[in-house]
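Before any comments, here is the structure.
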């Protein structure tokens with residue numbers, strides 16, 4: 001049975017292997033900001049990424065929320081990884097959307113990339129084999 005340190009090491013190695021992909025997701029979100037409850041492209045990217053790593057996402061929660069649940073082989077602790085998809089209106093921001101003024105000045109692009117990176121690490125390391133894991137990427141108000 002792997003130790004906690006073995007699992008941590010495997011998760012970190014799995015994340016490291018996906019570094020370019022994680023960075024690309026974050027940059028894609030940063031360059032395509034959407035305002036709250038209008039994050040349809042971002043939600044689609046999150047869903048596609050979740051599906052690509054073997055999760056079964058459910059979208060359309062509270063309009064643009066996305067979540068995926070991963071069950072382990074045994075009952076165990078449950079935890080959630082949360083991320084927000086929306087940008088803010090920041091006129092004059094270097095990568096603001098010219099039509100809406102939306103920009104990821106708040107860092108939600110990095111937050112979602114980190115969330116998906118953590119999911120990639122957990123799935124890649126098969127860290128769910130002993131615990132039940134809940135993964136949820138969404139904006140406010142999603143249950």
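The values are calculated or read from the model by the stated rules, or taken from the named source; none is laboratory data. All figures in this text were calculated on a predicted structure; none of them were measured in a lab. Glycine also receives a Cβ, built like all others from the backbone with ideal geometry; neighbour counts cover every protein chain displayed.
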- Go through 15, 7 for me and flag whichever is modelled with pLDDT under 95, surrounded by 13 or more Cβ atoms within 10 Å (Cβ to Cβ) and touching a helix residue (DSSP H, G or I) at 6+ places or on another chain (Cβ under 6 Å). 7
- Task: Spot the failing condition for residue 28; the list is (1) in a helix (DSSP H, G or I); (2) within 15 Å of the chain's Cα centre (by Cα); (3) under 30 Å from residue 6 (Cβ atoms), and only one is missed.
- Result: (3)
- Condition test on residue 55, is it at pLDDT 85 or above, in a helix (DSSP H, G or I) and buried (at least 16 other Cβ atoms within 10 Å of the Cβ)? no
- Task: Answer yes or no as to whether residue 20 is crowded, with 18+ Cβ neighbours inside 10 Å, within 17 Å of residue 116 (Cα to Cα) and either modelled with pLDDT under 95 or out of contact with any helix residue (DSSP H, G or I) (no Cβ under 6 Å at 6 or more places or on another chain) (or both).
- Result: no
- Quick check, is residue 35 at pLDDT below 95, surrounded by 14 or more Cβ atoms within 10 Å (Cβ to Cβ) and closer than 29 Å to residue 99 by Cβ? no
- Query: So residue 54 fits all but one of (1) out of contact with any strand residue (DSSP E or B) (no Cβ under 8 Å at 6 or more places or on another chain); (2) over 30 Å from residue 2 (Cα atoms); what number is the exception?
  - Reply: (2)
- Message: Looking at segment 70-80, can you tell me whether even one residue there is surrounded by fewer than 16 Cβ atoms within 10 Å (Cβ to Cβ), at pLDDT below 95, over 21 Å from residue 7 (Cα atoms) and touching a strand residue (DSSP E or B) at 6+ places or on another chain (Cβ under 6 Å)?
- Response: no
- Are any residues in segment 90-119 free of Cβ contacts under 8 Å to residues at least 60 places away in the same chain and either in a loop (DSSP other than H, G, I, E, B) or in contact with a strand residue (DSSP E or B) (Cβ under 6 Å, 6 or more places away or on another chain) (or both), and if so, which ones? 90, 91, 92, 93, 94, 98, 99, 101, 105, 106, 107, 115
